[in-house]
Amino acid sequence: MGAMSGLRVAITGSASGIGAAIRRRLEEEGARVTGVDLRDAEVEADLATPEGRAAAVEAVRSHCGGVLDRLVVAAGVGGHLEDRALVASVNFFGAVALLDGLRDALAGRPAAAALAVCSNSARFLPVDEHPFVAACLAGDEPLARKLVADEAGFFAYIASKHALSRAVRHRAREWGAAGIRLNGIAPGATETPLLDATARDPVLGPGLEALEIPLGRRAVPEEIARVAGFLLGPDAGYVHGSIWYVDGGNDAAAFPDRF
Ligand code: NAI
């Protein structure tokens, strides 16, 4: 009997990479997982659109009988996509809509917890005051999509993940009061199809190569999944509103005097 035995867990982005590794990890611990993805999932839905997100929330509810013990939002796309607005819609709005849409299914469950897969790249650009980030945090998707449309791909990715990290922290007060722990995990470069596609991009690829990673290698998805399992598990009962960097020291090397 594992730590997650019998618990009902929903995971977006469950068909590939980090989401799939988290799924395997939690299933090994005994969880009953409802995967959400474009394909190869119990709930097949497109998190890029408001309609797809609403359908996903309803389908997860009916699949898990209206009750969830854990929630992971991992679905995301890379900054190599030409459609910058799509990056914002999936990586920020798709994540936040599932968190908010399923919050009441988590409320009241013992040791309820949720985790957003953010990114250590969220600090790579000074976007704290950027109007795109403000539009995301205000929930104004049409404006955010307009503001990001002509930006570089790395901006769309980084600023969406920056906004997502702040959205996690913005919810700490309310979610904590509702008895639900909510954290973010910020992986560094991790060997997945998304990273492969980013590496092939003529602009993003060299940027990725230039990252200083003190541990001298990229992560494999299982290394991210193990920390995710910890954050969702009983040993992390007092961890709330945190963004956990799991990046081989990349953030420390880039910002040794900030934490
Ligand atoms: P991946 O490409 O292996 O997996 C992403 C999953 O999200 C795929 O199964 C995909 O079908 C799903 N997805 C994409 N768009 C969707 C949509 N519109 N609706 C529903 N599902 C959709 O990528 P990876 O690397 O496992 O990414 C998982 C998360 O980790 C993403 O949020 C990514 O931004 C984040 N991340 C990845 C890093 C890396 O180096 N691989 C580093 C930091 C964060």
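The values are calculated or read from the model by the stated rules, or taken from the named source; none is laboratory data. Just so it is clear, the model here is predicted, and its values are computed rather than measured. A quick note on method: Cβ atoms are made from the backbone with ideal geometry, for glycine too, and the neighbour counts reach across all protein chains shown. Side chains included, ligands, DNA and RNA excluded: accessible areas come from the protein's heavy atoms. Shrake-Rupley method; radii C 1.70, N 1.55, O 1.52, S 1.80 Å.
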Span from the region 217-254 Cα centroid across to the region 142-170 one, whole angstrom
22 Å
Any idea how far the Cα center of region 42-71 sits from the one of region 79-103, in Å?
14 Å
Label 7 Å along Cα→Cβ of E212; region 111-146 residues with amide nitrogen under 19 Å?
120-126
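Defining a contact as two alpha carbons under 8 Å apart and six or more residues distant in sequence, what relative contact order in percent does the chain show?
Values: 520 pairs, mean separation 52.8, N = 259.
20 percent.
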Derived scalar couplings ³J(HN,Hα) [region 238-248; Karplus, 6.51 cos²θ - 1.76 cosθ + 1.60; whole Hz; x for Gly, Pro]:
10, 8, 8, x, 9, 10, 9, 7, 10, 9, x
In range of the label at R24: residues from region 223-258 whose backbone nitrogen is under 13 Å from the point 7 Å along Cα→Cβ:
223-226
Given springs between every Cα pair under 10 Å in a Gaussian network model of the chain, which of G79, G248, G17 has the largest fluctuation?
G248
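Which percent of the accessible heavy-atom area of the chain goes to carbon and sulfur, probe 1.4 angstrom? Before the final figure, lay out each step's value.
On the way: 6200 of 11460 Å².
Of all accessible area on the chain, carbon and sulfur atoms account for 54 percent.
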Karplus-derived 3J(HN,Hα) from phi for region 203-217 (6.51 cos²θ - 1.76 cosθ + 1.60, θ = phi - 60°), whole Hz, x at Gly and Pro, runs 8, 6, x, x, x, 5, 4, 7, 4, 8, 10, x, 6, x, 7
Mean-square fluctuation check for the chain, GNM, Cα pairs under 10 Å: which of S62, S121, S165 is largest?
S62
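Please work out the average accessible area per residue across region 8-247, using the 1.4 Å probe convention, and give it in Å². Could you put the intermediate results ahead of the total?
Values: 10190 Å² over 240 residues.
Accessible area per residue, region 8-247: 42 Å².
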Quick one: length gained pulling V239 to K146 fully straight, 0.36 nm per residue minus the C-alpha distance?
29.9 nm
With the chain treated as a Gaussian network of Cα nodes joined by springs under 10 Å, which of L164, L211, L68 yields the largest mean-square fluctuation?
L211
Length gained if S62 through R200 is fully extended, taking 0.36 nm per residue and subtracting the Cα-Cα distance, is 45.7 nm
For a quick check: with amide H placed at 1.01 Å from N, whose amide H comes under 5 Å from I243's, ignoring anything fewer than 5 positions away on the same chain?
G184
